[in-house]
Amino acid sequence: LPYATTIRDFSLFDSDLAMRNAYFGALIFFFFIAGVFKKSSSNHRVFFYFGLFCLTASVGSYLPVREFLFEYVPMMSLFRFPSVFRLFVIISGIISGVIFLQNYITEHSVTQKRMLSYISLVIITLIVVIHIALNKQAFNLADYVKENIFNTSPTADFWKHIAFQSTLQLIIFSTLFVLFWRVKNKTKLLLSIILLSSIDLIVATQLNAPSTVYSHEWSGDTTSKKI
């Protein structure tokens, strides 16, 4: 739920706004996690454990991994921010997720029934998260979207963002459930998953862009005139 990372509350995340997000798509992340629960090839395990190691290094002082690398591994002291390890987490996660999806499409390594049960578990989890978020911060979700979507707002907070993007992800995974349930042709299924994942990534990028890419309050022309 990367939209939650755009909150300008440093006490909550204890990191710079531009360095909190390691999102590489909810669907690919789902396949990445699903691959952990099946007998994996050596290639999959290498990427998984390398990504896990980089994840532990990326959290900086919360674990001793970054400090050890800084002190004892050559060239690891030449950059300041441990969050740069996010890149390798993202690469490993994408490759691991794609390997699992490829095995499902070509080798039928996981049954359709099991995949549907995995997706159902995600859907139930998202419903619980939405319920918790709305209880933490009572508000009208529709009105909030009209006033705050695709911009930064002082009324935005962590739980509102959680509730909104969880709702979007609930739609994404409900669609994924229908695809695995109804689409029998593997090629059509794969193309549909790629399209759905692209939609997820585009929407997530647009939600985060006002906080990390551009300012909705300033246009290029206005900035040039001010300078």
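The values are calculated or read from the model by the stated rules, or taken from the named source; none is laboratory data. Owing to the predicted nature of the structure, the values given are computational and were not obtained by experimental measurement. Note: ideal-geometry Cβ built from the backbone for every residue, glycine included; neighbour counts use all protein chains shown. Just so you know, the surface numbers come from the protein's heavy atoms only, side chains and all, with ligands and any DNA or RNA stripped out. Shrake-Rupley method; radii C 1.70, N 1.55, O 1.52, S 1.80 Å.
Residues in the range 22-43 that are at pLDDT below 85 and crowded, with 21+ Cβ neighbours inside 10 Å: 35 alone.
The helices (runs of 4 or more DSSP H) falling completely within the range 69-188 that include 3 or more residues that are among the polar types (S, T, N, Q) map to 86-107, 112-136, 158-182.
Checking each residue in the range 179-213 for being within 17 Å of residue 22 (Cα to Cα) and open to solvent by 60 Å² or more (accessible area, probe 1.4 Å) picks out 201, 202, 205, 206, 212, 213. Could you tell me which residue of the range 44-68 is surrounded by the most Cβ atoms within 10 Å (Cβ to Cβ), considering only residues that are of a type in the set (Val, Ile, Thr) and assigned to a helix (DSSP H, G or I)? The residue in question is 65. Within the range 160-178, if we keep just the residues that are in contact (Cβ under 8 Å) with a residue 24 or more places away in the chain and of a type outside the set (A, V, I, L, M, F, W, C), the residue that is surrounded by the fewest Cβ atoms within 10 Å (Cβ to Cβ) turns out to be 174.
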